[in-house]
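Colleague: Input: one structure, supplied below.
The values are calculated or read from the model by the stated rules, or taken from the named source; none is laboratory data. Small disclaimer: the values here were computed from a predicted structure and weren't measured. Every residue, glycine among them, receives a Cβ derived from its backbone with ideal geometry; neighbour counts consider all protein chains shown. With ligands, DNA and RNA removed, areas are computed over all heavy atoms of the protein, side chains included. Shrake-Rupley method; radii C 1.70, N 1.55, O 1.52, S 1.80 Å.
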Amino acid sequence: MKQRTLRILGTRGVPAAHGGFETFAEHLALYLIKKGWRVVVYCQDDGVGPIFEDDWLGVERVHIPVTQPGPKGTIVFDWKSIVHAAGHNDLCLTLGYNTAIFCGLLRLQGIPNLINMDGIEWARAKWGTVAKIWFWLNDWLGCWLGNHLVADHPQIKLHLQSRVSGKKITMIPYGADVITSAPVEALLALGLVPGRFLTVIARAEPENSILEIVQGFSIKPRGYQLVVLGEFQGNNPYHLAIKEAASAEVHFVGAIYDKTVVQALRFHSLIYVHGHQVGGTNPSVVEALGAGNAVIAHDNRFNRWVIESGALYFNDVNSFSACLDELLTNSAKLQELSVLNRKRFESAFTWPVVLEQYEALLLKYLPV
């Protein structure tokens, strides 16, 4: 009998070093290998040269060098990945729909392809008109060209049902690691005291409410630090506005990709602040639940489902400030939210729960 094989497309590769999809791909690949699968992951390399293959912890990696920077390079990489995968009759899992038009090649070849449709990318404020049209078209094309779709949130599934039948969509959220302890050395190096700071981990974009969070926090002295992770550019007007609004208690630490440091920041935070206004199940807030953080979150249908009653919710600068006033002086409420979030995490977002659902779905679409 042919070994069960899965090819994972749409990420920059493994091991994870960039974002939620890469982290998920790493966990899924290692999980399936332990279950006897053969897993092939396509990896984007910067530079020139031929496509080559290697092995990482039993995962077969197909490295595709590209010379184009940014989104153009991603498009070239996605196309070359699809072409390579089309030469094999293996089940494919495509993470994201930004270049779903290329999945038409797999469809023509009769190769089963499941697509994780991610968030509603074309609705994000950061994109210009041309990019929004491109994402909107690929949103539709992904729905048609995928043999089956995965939605990471009930509201994303509802959105996709405006395009295809609900029978073609399975809702499976992201997972995260549980964090029950973390060293403090990394915090001390950043000048932080455990339990005396709040953390925000997000791209500095308007739809993530970073400006409102910094303004609300800076209305008055808090006696705590607000630690903001992310890259801030000196020529970006939105980034400049955030910096100008910040009080002396706001601490910008830049983009940090070291997993140990990020986990320490989460675990030792008094509160995790989640300002995302759009999207599905966001990996950063799931990771906060896994760390047992009390949460203050933007009030929308996406965050409400993920966090349920484990957060205080805000809509603007003043309501965020009010959430801070309530929580920073109420240790009992902080503990209550922490307990609720650990329970929510254990019920829906642990890796075993998520990955078992993925394997069950993948088994249904293995080529004969």
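Colleague: Using alpha carbons only, what's the Rg to Rh ratio of segment 1-93 with Rh from Kirkwood?
Modeller: Ratio of gyration radius to Kirkwood radius for segment 1-93: 0.96.
Colleague: Also, quick follow-up: Just the projected area, averaged over all directions, of the convex hull on the alpha carbon atoms of segment 204-352: how many nm²?
Modeller: Dividing the Cα hull surface by four gives the mean projection, 8.6 nm².
Colleague: Reachable lysines from K157, Cα under 18 Å, same-chain residues fewer than 8 places away excluded?
Modeller: Correct list for K157: K167, K168.
Colleague: Something else now. Please compute the Cα-Cα pair-distance distribution of segment 317-368 with 5 Å bins starting at 0, giving whole percents from short to long.
Modeller: P(r) for segment 317-368, in whole percents per bin: 4, 16, 13, 12, 12, 11, 8, 8, 7, 5, 3, 2, 0.
Colleague: Averaged per residue, what accessible surface does segment 98-141 expose to a 1.4 Å probe, in Å²?
Modeller: The answer is 47 Å² per residue.
Colleague: Please list, short to long, the whole-number percent of alpha-carbon pairs of segment 136-210 in consecutive 5 angstrom bins beginning at zero.
Modeller: For segment 136-210, the binned pair fractions read 3, 11, 14, 13, 12, 13, 9, 8, 8, 7, 1 percent.
Colleague: List the extent of the Cα atoms of segment 172-282 along each of their three principal axes, largest first, rounded to whole Å.
Modeller: Largest to smallest, the principal-axis extents are 37, 37, 24 Å.
Colleague: Treating the angle as unsigned and between 0 and 90°, give the value, to the nearest 10°, between the Cα long axis of helix 317-327 and the longest Cα principal axis of the chain.
Modeller: Taking Cα atoms only, the helix is inclined about 70 degrees.
Colleague: Moving to a separate point now. Taking 0.36 nm per intervening residue step and subtracting the Cα-Cα distance, what contour gain separates N236 from E346 on full extension?
Modeller: 35.7 nm
Colleague: Follow-up. Using the basic label-point model (7 angstrom from Cα toward the beta carbon), what is the I219 to W127 distance in nanometres?
Modeller: Those two pseudo-labels are separated by 3.4 nm.
Colleague: Quantify, in whole percent, the carbon and sulfur part of the accessible surface of the chain (1.4 Å probe; protein heavy atoms only).
Modeller: Heavy-atom surface of the chain belonging to carbon and sulfur, 1.4 Å probe: 57 percent.
Colleague: What is the angle, in °, between the Cα long axis of helix 20-34 and the longest principal axis of the Cα atoms in the chain? Nearest 10 is fine, range 0 to 90.
Modeller: Once rounded, the angle reads 50 degrees.
Colleague: Same structure again: Roughly what angle does helix 351-363 make with the longest principal axis of the chain, taking Cα atoms, 0 to 90 degrees, to the nearest 10?
Modeller: Long axis of 351-363 versus the principal axis of the chain: about 20 degrees.
Colleague: Fully extended, how many nm does the chain gain between S319 and Y257 (0.36 nm per residue separation, minus their Cα-Cα distance)?
Modeller: 19.2 nm
Colleague: How much length would be gained if the chain were fully extended between D54 and V178, taking 0.36 nm per residue of separation minus their Cα-Cα distance, in nm to one decimal?
Modeller: Fully extending the segment from D54 to V178 adds 41.6 nm.
Colleague: Sticking with this one: Would you mind putting 231-237, 174-180 in packing order, based on average other-beta-carbon counts within 10 Å, highest first?
Modeller: Those peptides, ordered most packed to least, come out 174-180, 231-237.
Colleague: How large is the helix-only mean residue ellipticity at 222 nm for the chain, computed as the sum of -39500 (n - 2.57) over DSSP H runs with n ≥ 4, divided by its residue count, in deg cm²/dmol to the nearest 500?
Modeller: Using -39500 (n - 2.57) per qualifying helix, the result is -12000 deg cm²/dmol.
Colleague: Another question, then. State in Å² the accessible area per residue of segment 230-309; use a 1.4 Å probe, count heavy atoms of protein chains only, and round to the nearest integer.
Modeller: It amounts to 39 Å² per residue over segment 230-309.
Colleague: Next up: Would you mind checking K80/K259; K132/K343; K80/K343; K126/K333 for any pair whose Cα atoms are more than 32 angstrom apart?
Modeller: Result: K132/K343; K80/K343; K126/K333 exceed 32 Å.
Colleague: Which percent of Cα-Cα pairs in segment 89-175 sits in each 10 Å bin, short to long?
Modeller: 19, 51, 28, 3
Colleague: If you take the C-alpha gyration tensor of the chain, multiply each eigenvalue by 5 and take the square root, what semi-axes do you get, largest first, in whole Å?
Modeller: 36, 22, 20
Colleague: Over its Cα atoms, what ratio of radius of gyration to 2.2 N^0.38 Å does segment 251-312 give?
Modeller: Here the Cα radius of gyration is 1.11 times the empirical estimate.
Colleague: Please enumerate, by chain and number, the aspartates and glutamates with C-alpha under 12 Å from the C-alpha of K2, excluding those fewer than 8 residues away in the same chain.
Modeller: D90
Colleague: Oh, and also: Sticking to Cα atoms, compute the Rg of segment 267-350 to one decimal and its Dmax as the biggest Cα-Cα distance, whole number, in Å.
Modeller: 11.7, 34
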